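Novice: What follows is a single structure, and I will ask about it in a moment.
The values are calculated or read from the model by the stated rules, or taken from the named source; none is laboratory data. Every value quoted in this text rests on a predicted model; they were computed, and no experiment measured them. Ideal geometry is used to build each Cβ from the backbone, glycine not excepted, and the neighbour counts take in all protein chains shown. Side chains included, ligands, DNA and RNA excluded: accessible areas come from the protein's heavy atoms. Shrake-Rupley method; radii C 1.70, N 1.55, O 1.52, S 1.80 Å.
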Amino acid sequence: MKKIIINALTQIKRTAIMENGEALELHVDDSSDQPVPGSIYKGRVRKVLPGMQAAFVDIGAVKNGFIHRDDLLSYQQSYMAPEDKKAASISSFVREGEELVVQVIKEETDTKGARLTGMLSIPGSRLVFLPNASHIGVSKKMGRNEKEKWRQFGHSLVKGEDGVIFRTACTGQSEADIQAEFDGLVERHRHLAARAEQAAAPGILHDEGEFLNKIIRDHAYENGTEIIIDDASEFRKLIWLAKPFPLLQKNIVLYSGKENIFSYYGVDAQWEKALRPHVWLKNGGSLRIDQTEALSVIDVNTDKFTGKSSRRETVLLTNLQAAEEIAKQLRLRNLAGMIIIDFITMSEPEDQQRVEAALKEALASDGTTTVVHGFTRMGVFEMTRKKEKQSLFHALSEPCSVCKATGRVQSVRAVANQAELVLREYRHMDDEALWIEATPEVARQLKGVNSEHLHHLEAHLSYRIYLTESGSDAMPSFAIRHIGPSREIEERIKKIN
């Protein structure tokens with residue numbers, strides 16, 4: 001049975017997808033303040049440029065967004081004659097100071113703001129609801145009969161000027177399930193429209209980068225998948241997001257144990273291993289995984305495995321086992337971009353073919369697009385994996401100030417998150433207070449703005465937290481110094497000051 005374990009209590013949100021007690025995927029919520037494609041905002045028009053047939057819209061980001069005349073809802077809904085409409089100025093459809101509900105279709109760059117549209121789309125697991133679009137679309141990957149079936153169903157599904165797109169995942173599904181998802185997406189849009197009426201501009205109405213959205217969409221129709229989360233407010237949000245998917249909704253569970261959720265389900269140990277460069281194979285061989293921003297290199301070694309017969313058999317068995325493990329590690333660590341694998345040298349072409357076939361078979365269960373190029377003349381193996389987000393390693397590390405960015409150490413946020421997890425292990429303890437010492441940046445991260453996060457922790461954990469700074473920020477770290485009565489801790493702190 002598949003379990004999705006979500007640690008949402010801490011500042012860094014972490015997710016583990018488990019099957020039979022083993023982690024298949026580990027994710028960190030790497031959301032940022034930048035507008036994410038798919039996010040919906042209530043913005044205010046700051047400038048209309050008739051010469052460019054475009055307008056700049058303040059959505060609360062660093063840069064104003066950019067919307068073309070043809071992407072305005074007012075333009076699409078205009079009843080002007082086609083020739084007159086095409087020649088009309090954008091000033092006929094929007095004015096400066098006007099409030100608009102817009103969606104990001106292209107993220108901002110160093111020189112340009114986000115590209116926006118007024119024609120919203122509300123994506124689900126197998127459908128996309130298109131309010132005000134009057135369009136029935138079906139996936140090009142569907143067969144002819146399947147396309148016609150869903151196109152006909154679409155006409156009975158949508159009302160008025162709305163539209164819908166049927167994704168490839170609709171293939172083989174029942175109309176009742178698709179109807180239920182569609183109704184849920186319509187309700188989500190109504191909720192968003194109601195929020196837009198009340199919200200001030202500029203402001204965000206829907207954050208597509210919010211990690212819970214992707215979890216629901218990716219696993220909406222999986223039978224038996226259980227989602228377990230440790231934060232009550234995020235639990236309620238999950239329940240609401242899963243409303244169109246009743247089978248999944250009933251399998252969402254709120255974890256309320258005292259032990260850290262990742263420790264309870266055995267994820268912490270696997271998480272730690274996934275950040276190490278060295279991976280042991282079952283037969284005693286090993287992998288060495290080194291990552292850069294654009295390239296990952298995996299080196300295969302026999303190490304402790306000496307085999308029982310010929311060298312050729314030893315090398316082949318190690319490489320076959322390595323191929324299976326590499327496919328797991330790519331998914332577990334979210335490695336992407338160019339990937340070079342240095343298998344142990346095989347002189348026989350048929351051995352290379354067996355290893356390539358084994359890797360392709362192991363990659364078949366990976367939902368992320370991979371392209372296998374095979375062995376080069378130099379004997380190394382080349383492949384690519386589509387980059388959808390940062391690797392686990394890069395999401396939890398930063399350039400090292402000690403080695404001048406030639407290597408990496410754990411980030412301040414990651415160390416502060418570890419400290420918070422340790423503090424949570426002492427929840428409801430019998431002692432009155434705890435003293436934790438951390439390097440300055442880690443301490444500031446733990447405190448939060450105006451010490452709000454630290455006060456929240458104290459209230460939640462039911463004990464007093466004394467936080468002091470020590471050392472420099474060259475290597476982020478923390479340590480528990482003392483647990484006991486507040487008076488004892490205060491006396492000890494006085495002695496060192």
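Novice: Can you give the Kirkwood hydrodynamic radius of region 218-334 from its Cα pairs, in Å with one decimal? Walk me through the intermediate numbers first.
Specialist: Values: mean 1/r = 0.0569 Å⁻¹.
Taking every pair of different Cα atoms in region 218-334, averaging 1/r and inverting gives 17.6 Å.
Novice: Within straight cross-link reach of Lys47, meaning Cα distance under 22 Å, which lysines are found once same-chain residues fewer than 8 apart are removed?
Specialist: Result set, ordered by chain and number: Lys63, Lys85, Lys86, Lys106, Lys112.
Novice: While we're on this one: May I ask what percent, to the nearest 5, of DSSP beta bridges between residues of region 294-412 are antiparallel?
Specialist: Numbers: 13 of 18 bridges.
Of the beta bridges lying entirely in region 294-412, close to 70 percent run antiparallel.
Novice: From the phi angles alone, apply the Karplus equation (6.51, -1.76, 1.60; θ = phi - 60°) to region 343-360 and give each ³J(HN,Hα) in whole Hz, x where the residue is Gly or Pro.
Specialist: Karplus values, whole Hz, x for Gly and Pro: 5, 5, 4, 10, 7, 8, x, 5, 5, 4, 5, 5, 5, 4, 5, 5, 5, 4.
Novice: At most 14 other Cβ atoms within 10 Å and a DSSP loop assignment: could you name the GluC sites (Glu not before Pro) in region 227-301 that fit? Walk me through the numbers before you get to the answer.
Specialist: On the way: sites: Glu234, Glu259, Glu272, Glu293; in loops: Glu259, Glu293.
Hits after loop and neighbour filter: Glu259, Glu293.
Novice: Per residue, what accessible area does region 83-225 have, given a 1.4 Å probe and all protein chains present, in Å²? Walk me through the numbers on the way to the answer.
Specialist: Working: 7590 Å² over 143 residues.
Ligands and nucleic acids excluded, the result is 53 Å² per residue.
Novice: Another question about this same structure. Which percent of the accessible area of region 74-226 is formed by carbon and sulfur heavy atoms (probe 1.4 angstrom)?
Specialist: Carbon with sulfur: 47 percent of the solvent-accessible area.
Novice: Using Cα pairs closer than 8 Å and at least 6 residues apart in sequence, work out the relative contact order for region 1-121, in percent. Numbers along the way, then the final one.
Specialist: Details: 224 pairs, mean separation 29.3, N = 121.
So the answer I get is 24 percent.
Novice: Further, regarding this structure: Taking amide H positions as placed 1.01 Å from N in the peptide plane, with prolines and chain starts having none, which residues 5 or more places from Ile227, or on another chain, fall under 5 Å of its amide H?
Specialist: For Ile227, whose amide H was placed from the backbone, the distant partners under 5 Å are Ile4, Ile252, Val253.
Novice: Counting each DSSP H run of 4 or more residues in the chain as -39500 (n - 2.57), what helix-only mean residue ellipticity at 222 nm follows after dividing by all residues, to the nearest 500 deg cm²/dmol?
Specialist: Details: 16 runs with 168 residues, N = 497.
Calculated mean residue ellipticity at 222 nm is -10000 deg cm²/dmol.
Novice: Per residue, what accessible area does region 358-443 have, given a 1.4 Å probe and all protein chains present, in Å²? Walk me through the numbers before you get to the answer.
Specialist: Values: 4360 Å² over 86 residues.
Per residue, region 358-443 has an accessible area of 51 Å².
Novice: While we're looking at this one, here's another question. On the accessible surface of region 322-468, probed at 1.4 Å, how many percent belong to carbon and sulfur atoms?
Specialist: Working: 3470 of 7220 Å².
Using a 1.4 Å probe with all protein chains present, region 322-468 comes out at 48 percent carbon and sulfur.
Novice: How would you rank 329-336, 68-75, highest first, on the average number of other Cβ atoms within 10 Å across their residues?
Specialist: Working: 329-336: 21.6, 68-75: 18.5.
Ranked from most to least packed, the peptides come out as 329-336, 68-75.
Novice: Moving on. DSSP loop (so not H, G, I, E, B), at most 15 other Cβ within 10 Å: list which GluC sites (Glu not before Pro) in region 136-188 pass both filters.
Specialist: On the way: sites: Glu146, Glu148, Glu161, Glu175, Glu181, Glu187; in loops: Glu161.
Here the sparse-neighbourhood loop sites are Glu161.
Novice: Continuing with the same structure: Residues of region 54-71 with backbone nitrogen within less than 12 Å of a virtual label 7 Å along the Cα-to-Cβ line of Gln34, please, listed as ranges.
Specialist: 62-63
Novice: OK, next. Go through region 182-280 and name the trypsin sites (Lys or Arg not before Pro) that are in a DSSP coil and have 12 or fewer other Cβ atoms within 10 Å of their Cβ. Could you put the intermediate results ahead of the total?
Specialist: Working: sites: Arg188, Arg190, Arg195, Lys214, Arg217, Arg236, Lys237, Lys250, Lys258, Lys273; in loops: Lys250, Lys258.
Here the trypsin sites (Lys or Arg not before Pro) that fit, given the DSSP loop and packing criteria, are Lys250, Lys258.
Novice: Just to be sure I understand, if you calculate percent of Cα pairs over 46 Å apart for this structure, which of (i) 10; (ii) 24; (iii) 7 do you get?
Specialist: Label of the calculated value: (ii).
Novice: Using alpha-carbon positions, what is the distance between the centroids of region 127-165 and region 356-395, in Å?
Specialist: 34
Novice: So if I average 1/r over every pair of distinct C-alpha atoms in region 20-62 and take the inverse, what Kirkwood radius in Å does that give? Working shown, then result.
Specialist: Details: mean 1/r = 0.0712 Å⁻¹.
14.0 Å is the Kirkwood radius here.
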